[in-house]
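Notes follow the structure.
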């Protein structure tokens, strides 16, 4: 099912608190895409709404079907596959999943991953304290799906720090791993690129990380630096600041050669202890 040299886009955004405005921004960006098809467009974490509070995000979750229909229509209009970063899907007990949906070019949602690792940490920035678990329900499932671009594994932002998840994705056949993110500036300056490169090298996968960038309406500041990394750990494309997109290609011939020449997965002796 894989197509070599299919075009992959990572869109860097500075999402605000109004989901309708963020959808309009997305529509404008999709109008500027190159003509190559098939195409996979990857959006950052919280692309739809970057709220000031979990209560505000919960309100959006309760009408999420409306926005999913819009995303489906955009996929059909532009003939694209779309990883919709994360959007809030209602759970229960006034919580929501940070859901990463993958839509095909017919507008069908073919896979959903609910963010597994929640960002409950203290950071030396203006926000200072992050407690995602107050409103976000952690997911449980490891998700890999076959697409025209290769087998895609889904993760979200803070998941990047947990190599066991990435190993599990690889064992399920992942060739491309998506990491939609909204990294803080202090953590991003030191950890962002080293972690992404490490995950690409150890899994021998393409890693696509679409990121939020800038000072947002909710007061948050995010690091940006959207990036596409090869299975050898090479930086294919990056956008350090501003909004816009980067593009690259998933060459599965290259990926298979890397895995054949250095078969690290077959050398793995701790497989039974991983996810």
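Taking residue 60 as meeting all but one of (1) closer than 17 Å to residue 208 by Cβ; (2) assigned to a helix (DSSP H, G or I); (3) in contact with a helix residue (DSSP H, G or I) (Cβ under 6 Å, 6 or more places away or on another chain), write down the number of the exception.
That leaves (1) as the condition not met.
Look at region 19-57 and say how many of its residues are outside any loop (DSSP other than H, G, I, E, B), in contact with a helix residue (DSSP H, G or I) (Cβ under 6 Å, 6 or more places away or on another chain), modelled with pLDDT of 95 or more and more than 18 Å from residue 81 (Cα to Cα).
Looking only at that region, the number is 1.
Mind counting the residues in region 205-217 that are crowded, with 17+ Cβ neighbours inside 10 Å, in a loop (DSSP other than H, G, I, E, B) and out of contact with any helix residue (DSSP H, G or I) (no Cβ under 8 Å at 6 or more places or on another chain)?
2
Could you list, in sequence order, the residues of region 220-265 that are assigned to a helix (DSSP H, G or I), touching a helix residue (DSSP H, G or I) at 6+ places or on another chain (Cβ under 9 Å) and surrounded by fewer than 16 Cβ atoms within 10 Å (Cβ to Cβ)?
Scanning region 220-265 gives 264, 265.
Filter region 146-164 down to residues that are closer than 24 Å to residue 257 by Cβ and outside any helix (DSSP H, G or I), then give me how many there are.
Selection size over region 146-164: 8.
Of all residues in region 165-199 being more than 16 Å from the chain's Cα centre (by Cα) and not in a helix (DSSP H, G or I), which is nearest to residue 262 (Cα to Cα)?
Checking each candidate, the answer is 173.
Kindly establish whether residue 202 is buried (at least 23 other Cβ atoms within 10 Å of the Cβ), within 21 Å of residue 230 (Cβ to Cβ), over 14 Å from the mean Cα position of the chain (by Cα) and modelled with pLDDT of 95 or more.
no
Of the residues that make up region 65-79, is at least one in contact (Cβ under 8 Å) with a residue 24 or more places away in the chain, within 22 Å of residue 141 (Cα to Cα) and outside any strand (DSSP E or B)?
Yes - at least one qualifying residue is present in region 65-79.
Is it the case, given these coordinates, that residue 238 is farther than 22 Å from residue 39 by Cα and either under 18 Å from the mean Cα position of the chain (by Cα) or modelled with pLDDT of 95 or more (or both)?
It is false that residue 238 is farther than 22 Å from residue 39 by Cα and either under 18 Å from the mean Cα position of the chain (by Cα) or modelled with pLDDT of 95 or more (or both).
Yes/no matrix, rows are residues, columns are (1) crowded, with 19+ Cβ neighbours inside 10 Å; (2) closer than 25 Å to residue 241 by Cα:
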position	(1), (2)
41	yes, yes
49	yes, yes
58	no, no
70	no, no
82	yes, yes
88	yes, no
94	no, no
109	no, no
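The values are calculated or read from the model by the stated rules, or taken from the named source; none is laboratory data. Keep in mind it's a predicted model, so treat the numbers as computed, not measured. No Cβ is skipped: glycine too gets one built from the backbone with ideal geometry, and neighbour counts run over all protein chains shown.
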